[in-house]
Each structure stands twice: as structure tokens, then as C-alpha cells.
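Just so it is clear, none of the values below were taken in a lab; they were calculated from the coordinates. None of the values given here were measured: they were computed from a predicted structure. As a convention, Cβ positions derive from the backbone with ideal geometry for all residues, glycine included, and neighbour counts pool all protein chains shown.
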Amino acid sequence: MTSTIPQFDHAVHATTDRLRPVMAGFRPYERAHDGLLSALGAELFASMPRRDQRTKGMAYLQGLLEAEGRKSIRNIAALFGGDATEQSLHHFIVSSTWDWTPVRRALAQYVERVTQPQAYVVRPLVIRRAGETSVGVERRFVPALGQVVNAQQAVGVWAVAPDWSSPLNWRLQLSPRWLADRRHRRQTDIPDSEVPESLDQCSVKAYQELIKKSRLPIRPVVMDAQETDVAAVVGRLRAADTPMLLRIDGTQRLTVEEPAFPRRGVSMTAQQIMSLVWHMRRPGRRPGEGPVPPGPVVAVRVTLSHAARREGRPDSSLVLMGVAEHGHWPAELWLTDLTTSSVGELLQLASYARRVERDTKEVADRVGIRDFSGRSFAGWHRHTTLASAAHAIAMLSDRAEPRLLTGTG
């Protein structure tokens, strides 16, 4: 096939000269967008040995930010040219040789350098799919949706602070059924190193990959663990010397260690513990008045259940935090090993989970985090890596200072 790189390169630069914000709902960031795209792009693609790969990388990143509608390769290519450009970008994402690991490392180190992350939020991402060919797709029950859907399930690790968040690493959860099917593995080019993982295994591995491969400092991990083996998550994060704040459901069994607690040392569910707390701390009421929650937040010192300890899992001191909301008690339950942190500090950490949820809808989905439509394992990772970079640019653009454009500070 005749090379289209010179024309493609010209189209990239021509489109760069006419940068324009086109994503409805975004705050304006046209002044900082160009500088951030250039500054971050230069670092992201430094590991690519060939100029044509770096050119395509910049084009794809720009297309994720500027293409209207779904961020398909076809829509991205429409910014720069015709069918030849689409074929070129498709090859770049699906079957090229570039490794996404150093690109993610460059993104993570850039975000670390120009911002001040406070924690990492580990969050599942459900990606609905039609058909059965996309890597990892299968029928699965999604508790948040309350229904069975045809979807991939990934886990993202986000650096987060009070006013922003940015995904830095991704991992696909692959089931035993998928990995045992040789035809599926061959068609989607799943590496031999991939093995079946539970959601908790996938979540902790995604975090560990980020810290190890990107050489980032350890910070508290905030994670919704309601659908995981909580004891296993606690054990794995403790093995990695990582402080944690885990959202749990009311069925999790724990043992209260508070001296004044009436059932100290007895294994109970988190819901039962908080119900007892309510009865212990509710104020006096006049006849006819309804129940009054014990305050917006209550923290109780606990350990994991005796059953978990018998299985050799960790049993050192933890704190169970119940949070009231709109008169409902408890609206949320959190388990943490940050036993010296104040309630205010724990609530701030808990709020980061909502920050990521909001930024997923308002930014990540707009730059196409779920929009890769191919079947390839490598293609999914390359697209998701560049969509994460586009998310970082979108988030940083409206708060950019000169140091963000150069990566210094």
C-alpha cells in the first residue's frame, strides 16, 4: 500500500492550527488546550522510535479531544483525511508494535509532577458491547444497573484531589471462560501471561501495576469493595503497605473491639453493628417522635471476623465508619486502616470516589474511554491509554498555569 504519512502529517499540523473546542458541556479551555496537547504529547510519545508513530499518536490524541460524537477511529480520521487516514490510524491502534506501558508511565509521571494527588481511587468500569467478539465481553450482572448486560469489565486507577481526577492505569477483568477458549484468545491476541482474575484480584493488581511500573509514591487507596472479597482486598493492600478506605456493604462480618460495646468480641454484620450504635447513642425522644440517627458520622474500632482470621487473613485493628444521609442510617459504610485519621479526613477521602464518578461521566466518557470497538486486547489498551491522556488534558486545561504547559514546578 502506498504510504500516506506525508499527507497525514500535513493534515495533523493543519488541524492543529485550527484547534477548536467542540465537546458540548465542557468548560472552555481553548487557551490551554493547545499548549497542554503539545507538552504532554511530546512526553507521551517519546518512547516511540518512529516519527510516523509519534505523528499518529498526536493525531489520535487530538481526535479524542475534538472529534464530534463517538470517538471511533472513523470519526477521528475524519478530522484529518479520508479512508487512507482511517486505515493508518486503525493500524496504529490495533496492530502496530508500540507498547502502551511507557506511554502510561509518562502520563502518570506528568500528572504526578504538575499536580498534587491526594489518593488513588480504584473503580470498575462497565463497557456495554453488542456481539461477542470484543475482548473479555460476556453476559454479566451489574449491581449498579440491577440487570444483566453484555459488557466488558475493566478496572481503572485514578489519581485524585478535591477538584480533579485523572485515570492513570487500566486492567481488563478476564474470566476463566474467556481465557480457556483458545479461539477467543487467538482472535483477540490475549497474551499468555493473562490469567483469570476475580474483581478484587483485578483491582489490586491494577493498583500495584501503576505504583511499580510508573514508580509513583504510595498513597491511600479508596475503593468500592461491596462486590469483592473484602478480607482478601485488605490482605493484598496490607501486603503492599498501602493504607486504604474501602466502601463495604452491610453484610460484611466484623468484630467490634470498643471496650464499651455491649457485644464486644462477637462477630456481627456491619449493619448490625451500626444498628446497635444507633440504639446506644440516640437521644431521648418525646412520645410519638420518630427515630433519630446518632449523628452524620460514627466511627467504631473493629477487626475482621473470626472466620476470616481462621483462614489466615489479617486481623489487626480497623475502623468502621457509618455515614448518614437524608435521614437514612447508615447510607454508606466504610472500612479503613487509617485509625489515626480524623473523621473529617476520612470523609474527604470518601468524597474522592464521588469525584471520580462525576469525572467519568463528564470528561472520560466524552473523550471516548468506552468507545473502542475492535476486538483486540492490545487495541483496547492503546485506545484506553490515549483516552486517559485526553482526559488529563481536558481536566487540566481549565486550571492550567504556565508550569502545566512545561511540566515544571
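For region 85-207, what ratio Rg/Rh do Cα atoms give with a Kirkwood hydrodynamic radius?
Taking Rh as the inverse mean 1/r over Cα pairs, Rg/Rh reads 1.00.
From the backbone phi of region 271-279, what are the Karplus-calculated ³J(HN,Hα) couplings (6.51 cos²θ - 1.76 cosθ + 1.60, θ = phi - 60°) in whole Hz, Gly and Pro given as x?
5, 4, 4, 5, 5, 5, 4, 4, 5
Quick one, what does Rg over Rh come out to for region 156-257 if you take C-alpha atoms and the Kirkwood Rh?
We get a ratio of 1.02 for region 156-257.
If packing is taken as the average number of other Cβ atoms within 10 Å across a peptide's residues, how do 64-73, 266-275 rank, most packed first?
Packing order, densest peptide first, comes out as 64-73, 266-275.
Near K212, which aspartates and glutamates are there with a Cα under 17 Å away, not counting those fewer than 8 places off in the same chain?
The qualifying aspartates and glutamates are D99, E112, D241.
Which order, highest average first, do 135-141, 98-104 follow once you tally other Cβ atoms within 10 Å for each residue and take the mean per peptide?
98-104, 135-141
Amide H of V297 versus every other amide H placed in the peptide plane: which residues, excluding those fewer than 5 positions away on the same chain, fall under 5 Å?
A324
Among the lysines, select those whose C-alpha is under 30 Å from the C-alpha of K71, and discard any that sit fewer than 8 residues away in the same chain.
Result set, ordered by chain and number: K56, K205, K213, K361.
Beta carbons within 10 angstrom, averaged per residue: use that to sort the peptides 385-393, 346-354, 45-53, highest first.
385-393, 346-354, 45-53
Using the eigenvalues of the Cα gyration tensor, what equivalent ellipsoid semi-axes result for region 184-223 when each is taken as the square root of five times the eigenvalue, whole Å, largest first?
They are 26, 13, 6 Å, listed largest first.
Could you tell me the relative contact order of region 59-214? Use alpha-carbon pairs under 8 Å, at least six residues apart, and round to a whole percent.
After rounding, I find 18 percent.
Can you compute 3J(HN,Hα) from phi for each residue in region 137-142, using the Karplus curve 6.51 cos²θ - 1.76 cosθ + 1.60 with θ = phi - 60°, rounded to whole Hz and x for Gly and Pro?
Rounded to whole hertz, the list is 6, 6, 6, 8, 7, 10.
Once label points are set 7 Å from the Cα along Cα→Cβ at both R182 and T269, what is their separation, rounded to one decimal in nm?
In this crude label model, R182 to T269 measures out at 4.6 nm.
For every other residue with a beta carbon closer than 15 angstrom to the beta carbon of K213, add +1 if it is Lys or Arg and -1 if Asp or Glu, then tell me the sum.
With Lys, Arg at +1 and Asp, Glu at -1, the neighbours total +3.
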